[in-house]
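Structure first, then comments.
Since every read-out is calculated from the coordinates, none of them should be taken as a lab result. Worth saying up front: this structure is predicted, and the values here are computed from it rather than measured. A quick note on method: Cβ atoms are made from the backbone with ideal geometry, for glycine too, and the neighbour counts reach across all protein chains shown.
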Amino acid sequence: MTVRLYQFAISHYSEKVRWALDYKGIRYQPVNLLPGQHIKTIRALTGKASSVPVLDHDGEIIQGSSAILDYLDEAFPEHPLTPADPASREQALAWEKRLDDEVGPAIRCWAYHYLLQRPKLVVPMLAAGTPFYNRILLSLAFSRVDEIMRDWMKINQKTADASQQVLEALLSELADLYRQQPYLAGDCFSRADLTAGALLAPLFQPPQYPVPWPKRQRLLPAMRTWLDQWQAQIEPLENLYRTHRGR
Ligand SMILES: N[C@@H](CCC(=O)N[C@@H](CS)C(=O)NCC(=O)O)C(=O)O
């Protein structure tokens, strides 16, 4: 059996899938792609959208983190991530969708807005897991990379500020909930908690996440101050990650 995960090391949607695979104890080969160069590879696999993550399980191709989690629970039912009880299942899927649709894009926009202003920090993260010369390539072409990424994901000060508000609302809500109950849906760890932990992981930079995280003091002051201010709300997610992420 061969399981391949086409991904960007930096992608938090890819982290959802890495975590799910590790949680289920499934051995897999990561195929780390360089943003930009990924399009050809992914379109050849899926014949449609270019986004990662994409899973290849013995030739069965699945694109998108949520569809991949569905598939993994079907194909590898041990250590389920989708609750069996219908009400908890519905709740878990609703949380996952909300986090995928709101939090994923918000954290990406907010973090890149500041990190793209520090090429020396962001280039090694974008090229993580790919051949060393990609760092040189990205550094040389950085002003174009910056322009394309900002244009593609509509990243600017205004959208970064709006994203920060989305994050603040969600972090407050999640911290309140985790103060009252251990899990978002039902009485077990599920794909809802996994999604919250994976998508928000860039805020607490866990060592299992395979990118060279920048040291706190090298971040732009705006980013550092905000992270300090929101530490209490970020902490429950960090604890959840530490408890359930394993390797
Ligand atoms: N809803 C999708 C979102 C995936 C996504 O936004 N992937 C980004 C990286 S974080 C991507 O591949 N962007 C480049 C592209 O779409 O070509 C999922 O859950 O997999």
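Below is a table of values for the structure above.
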{"quantity": "When each of 24/48; 97/120; 24/120; 48/154; 97/215 is checked by Cα-Cα distance, pairs over 24 Å", "calculated": "24/48; 97/120; 24/120; 97/215"}
{"quantity": "For the stretch 204-230 versus the stretch 156-177, the gap between their alpha-carbon centres in whole angstrom", "calculated": "16 Å"}
{"quantity": "Unit charges on C-beta of K, R, D, E only; dipole of the stretch 3-75, Debye", "calculated": "320 debye"}
{"quantity": "Spin-label pair residue 75/residue 173, simplified geometry with 7 Å Cα→Cβ offset, distance in nm", "calculated": "3.2 nm"}
{"quantity": "Most mobile listed residue (103, 145, 52) in the chain, GNM with C-alpha springs under 10 Å", "calculated": "145"}
{"quantity": "Order of 50, 65 - criterion: other Cβ atoms within 10 Å of each residue's Cβ, fewest first", "calculated": "50, 65"}
{"quantity": "Rounded, prolate or oblate (a/c below 1.5 giving rounded, otherwise prolate when a/b exceeds b/c) for the chain by Cα gyration tensor", "calculated": "oblate"}
{"quantity": "Beta bridge orientation in the chain: antiparallel %, DSSP, nearest 5", "calculated": "65 percent"}
{"quantity": "Neighbour-count ranking [beta-carbon atoms within 10 angstrom, fewest first] of 171, 177", "calculated": "177, 171"}
